[in-house]
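Worksheet: the structure to be examined is printed underneath.
The values are calculated or read from the model by the stated rules, or taken from the named source; none is laboratory data. Fair warning: this is a prediction, and the values are worked out from it, not measured in the lab. All Cβ positions, even for glycine, are placed from backbone atoms using ideal geometry, and neighbour counts span all protein chains on display. When the accessible area is computed, the model is the full protein with side chains, heavy atoms only, and any ligands, DNA or RNA have been set aside. Shrake-Rupley method; radii C 1.70, N 1.55, O 1.52, S 1.80 Å.
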Amino acid sequence: MSSAAAAAWWARSRVRILIPVIFLAPALFFLLSPPSSPHFFFTLPTSREESPSASGSRVIWAQQRVAEWRPCGWWRAAMPAPSRRNGYIRIDCYGGLNQLRRDLCDGIAVARILNATMVLPKFEVAAYWNESSGFADVFDVDYFIEQTRGYVEVVKDMPEEIASKEPFKVDCSKRKGHFDYVETVLPALLEHQYISLTPAMSQRRDRNPSYAKASYCQGCYNALRLNKNVETKAIELLQAIPKPFLSLHLRFEPDMVAYSRCVYTGLSSKSLSAIEAARGEDRKALTGEAALLWRNRGKCPLTPSETAFILKALGIPTDTNIYLAAGDGLMELEGFTSIYKNIYTKSSLLTHDDFEKMHGNTKAALDYYVSVSSDAYVATFFGNMDKMVTAMRTMQGHQKTLVLSRRAYANYTAVGLSGEQLAMAMWDAHREEYIMGRGSALPEQCFCEFKL
């Protein structure tokens, strides 16, 4: 073939040849590359001299933030519902205090969507939580009714002909969005005039109309105040803690570890026995590659000793006053208290009689109140309490709030980091989260990001 003919052929065919090559190149590179190390989601830290954290203070709270979250202004003005209501609704809440509160917050939005009058919620007796207290045992009923006025109507009493019968129970386990409730729950409300429901755990709040979002925000973050008796005890507890102090929500109980399906080495035989007893038949521990992937995704609770290591890496002095916001049954606590010794708890600050008389919800309410009011708050696991505490701290302008990254710790230790290098890696990971104002996962319909 002559050079002229070859040039003409190339001009006609180059597009057909180059396009497949461009699209296949990444796949060929992946197939021909040598095997890589386990899944790793973080950049390895630089040396101390090159690390951005090497300059300035090594205390995490001293880092200058570039953004923070604050309550949005749009939902502060009430959006009154139509004057005619479609019936009465009772929200049935299950679990511990913060699970109950989550159900109630979602229920307020549902009541507004259905244009229903809401009666006081029912806190179901939960044997697992050793709990029997009701809504009025923890929260200020009159304040709740007053603060939700203009968003959703809440009443203590119903007409006799309605109150004399049990509500018609509606299964909402698969109802997650606005149209689900309008299409499937509203007909039951119109027919029976009095229904009860428990909102599904995974609500699509982002799909709700603005008036339902506003009702959720107001009811959840402005209307729930502890009643006088509980608040008085909470203030007494708060005043007994030396100032300044950090509230630490540490989670490493047998049932939680068992539920996570994670395996730990180096635990005491007592802790291992407690975990095995809590596992049961349906919580078998993961093994092999599945266990590694699960841990690297940040699914395994931090041990107390791991928590102490991270706090030290973040520059939290070991003589810091720390209030331990935790339930009963914490394992391996000496791994934390051997480093941070100024530890305070409900049981150590309240009288024995006071502590023994309290319901589980009351104890959880005290932890909640102290944590919201603390100088700094750190969570080792982002559960229901942590979500509520971080939101309320944001409402009150308390910015020293941080959720420790289980995923970062797992990924860095998986590739062999330890000692000072691991400490630097944890500093860099958490510093980035803190200065960017991330890490709280606040409901976007209630809180807005502000650049500083």
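Criterion applied to 353, 319 was being more than 16 Å from residue 248 (Cβ to Cβ), open to solvent by 30 Å² or more (accessible area, probe 1.4 Å) and either free of Cβ contacts under 8 Å to residues at least 24 places away in the same chain or over 23 Å from the mean Cα position of the chain (by Cα) (or both), and the one residue passing it is 353. For the range 262-291, a tally of residues being open to solvent by 50 Å² or more (accessible area, probe 1.4 Å), closer than 20 Å to residue 404 by Cα and at pLDDT 95 or above returns 0. Taking the conditions (1) within 23 Å of residue 448 (Cα to Cα); (2) open to solvent by 20 Å² or more (accessible area, probe 1.4 Å); (3) small (Gly, Ala, Ser) in turn, residue 136 satisfies each one other than (1).
For the range 206-220, give me each residue that is surrounded by fewer than 21 Cβ atoms within 10 Å (Cβ to Cβ) and in contact (Cβ under 8 Å) with a residue 40 or more places away in the chain. Within the range 206-220, 206, 209, 210, 211 meet the criteria.
Return yes when residue 71 is open to solvent by less than 40 Å² (accessible area, probe 1.4 Å) and of a type outside the set (A, V, I, L, M) and no when it is not. Reasoning before the result, please.
Numbers: open to solvent by less than 40 Å² (accessible area, probe 1.4 Å): yes; of a type outside the set (A, V, I, L, M): yes.
For residue 71, the condition - open to solvent by less than 40 Å² (accessible area, probe 1.4 Å) and of a type outside the set (A, V, I, L, M) - is met.
Of all residues assigned to the range 423-435, none qualifies as being within 16 Å of the chain's Cα centre (by Cα) and among the hydrophobic types (A, V, I, L, M, F, W, C).
Residue 151 meets the conditions (1) within 24 Å of residue 361 (Cβ to Cβ); (2) crowded, with 21+ Cβ neighbours inside 10 Å; (3) under 27 Å from the mean Cα position of the chain (by Cα) in every case but one. The failed one is (1).
Residue by residue, here is whether (1) assigned to a loop (DSSP other than H, G, I, E, B); (2) under 30 Å from residue 111 (Cα atoms); (3) at pLDDT 95 or above holds:
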{"residue": "196", "(1), (2), (3)": "no, yes, yes"}
{"residue": "199", "(1), (2), (3)": "yes, yes, no"}
{"residue": "206", "(1), (2), (3)": "no, yes, no"}
{"residue": "239", "(1), (2), (3)": "no, no, yes"}
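Which one is least open to solvent (accessible area, probe 1.4 Å), of the residues in the range 225-261 that are in contact with a helix residue (DSSP H, G or I) (Cβ under 8 Å, 6 or more places away or on another chain) and of a type in the set (S, T, N, Q)? If we take residues in the range 225-261 being in contact with a helix residue (DSSP H, G or I) (Cβ under 8 Å, 6 or more places away or on another chain) and of a type in the set (S, T, N, Q), then 247 is least open to solvent (accessible area, probe 1.4 Å).
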